[in-house]
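Remarks on the structure that follows.
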Amino acid sequence: MLTEAEIKTFVDGAMHYFAVSARQPVAVGSPYLITDGGTPAVHEYTGVIAISGRRKGAVCFTAPRSMLMVLLMRMNETDTSETNMKDLIGEVANTISGNARRDFGKDFVISVPSVVDTEGGKFRPPVNARPFIIPLNWRSHSAKLIVCLE
Amino acid sequence: MADILVVDDEPEVCDSIALTLGLAGHTVRTAADGPAGIAACREQAPQLVLTDLVMPLAHGFEVIGRVRSEFPGVRILAISGGGEFGTSAYRPEAVTTNAYLAAALEMGADAILRKPFNRQELLAAIETCLASTRNSTEH
């Protein structure tokens, strides 16, 4: 079972990214569990951090292109190409990953994030654990943090 | 050149589109949400409404529906970068840009444009919409 401290570490990583890079805080919505073996609905861009060691699974940050476009504009980036959107989602995942490395230490082996094309809206977590979804609301956009750990 | 109303809740996006269209010679008004967009249409109907789809208060589909019913001659260009309606709602189905844009066409939009887009893509989509106005007037 996920602990509150573990979830907080991942959420803090995402919150830190928005506070520093977008200069606007993200609001954390009500978390929920996906039950009955369902797969979480994801947006078009998803950054995935694989986790092994004391825990096994993945943490994902998924966001719609509309949110990433505005995030890039907030950073004074005029190039809102697919490449830059993927780089951006990777940066958010990297911040979450760095936060987890700092908090969890050697018990967790945390991968370099990979960016997955989830245009079809489907993502199957790499383990059987029930995905825990934390909505992250920023301006009028909503992203999700998906924590799926055994 | 056309009178264009841009409806988008993101000020950065709205301003960027307005600047691009203004530099291309169009007359541009902006509205920050669906109700403001509908009110602006009622005040003075534009030739073309460019509307985002995922917005607070009233989403773009409502804007398209209202414009279609009240101002049938106004052209509509729908833009979207995906997202969710209701910031905390759990939606088990895919919430993709393409699905939203397809729904916008079904609702009556004349053309669609996926975010992000560059200047050339925006101006081409506007021209397509306005050309459809000219074609329907000629026939």
Over the protein assembly as shown, the sum of -39500 (n - 2.57) across DSSP H runs of at least four, divided by residue number and rounded to 500 deg cm²/dmol, gives at 222 nm -12500 deg cm²/dmol
For A:K86, counting only lysines whose alpha-carbon sits under 18 Å away and dropping same-chain residues fewer than eight positions off, the answer is A:K122, A:K144, B:K115
Listed by chain and number, the residues whose amide H is under 5 Å from that of A:F123, excluding neighbours fewer than 5 places away on the same chain and using placed H, are A:V42
Expressed as a whole number, the average count of other chain Cβ atoms within 10 Å around the Cβ atoms of B:111-119 is 3
Taking only the alpha-carbon atoms of region A:4-149, the convex hull volume per residue, in cubic angstrom, is 98
Counting all Cα-Cα pairs in the protein assembly as shown, those more than 29 Å apart amount in percent to 37
Among A:E91, A:E44, A:E82, the residue with the largest mean-square fluctuation in a Gaussian network model of chain A built from Cα contacts under 10 Å is A:E82
In nm, the gap between the two label points placed 7 Å beyond Cα toward Cβ at B:E106 and A:T3 is 4.8
Computed Rg/Rh for region B:3-138 (Cα atoms; Rh = Kirkwood radius) stands at 0.94
For the pair A:S81 and B:F71, the simple spin-label estimate (label points 7 Å beyond Cα toward Cβ) gives in nm 3.6
Here region B:7-12 yields Karplus 3J(HN,Hα) values (6.51, -1.76, 1.60; θ = phi - 60°; whole Hz; Gly and Pro given as x) of 10, 7, 7, 8, x, 4
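All of the numbers you see were taken from the coordinates with simple rules; none came from a lab. Just so it is clear, the model here is predicted, and its values are computed rather than measured. Glycine gets a Cβ as well: all are built from the backbone with ideal geometry, and neighbour counts include every protein chain shown.
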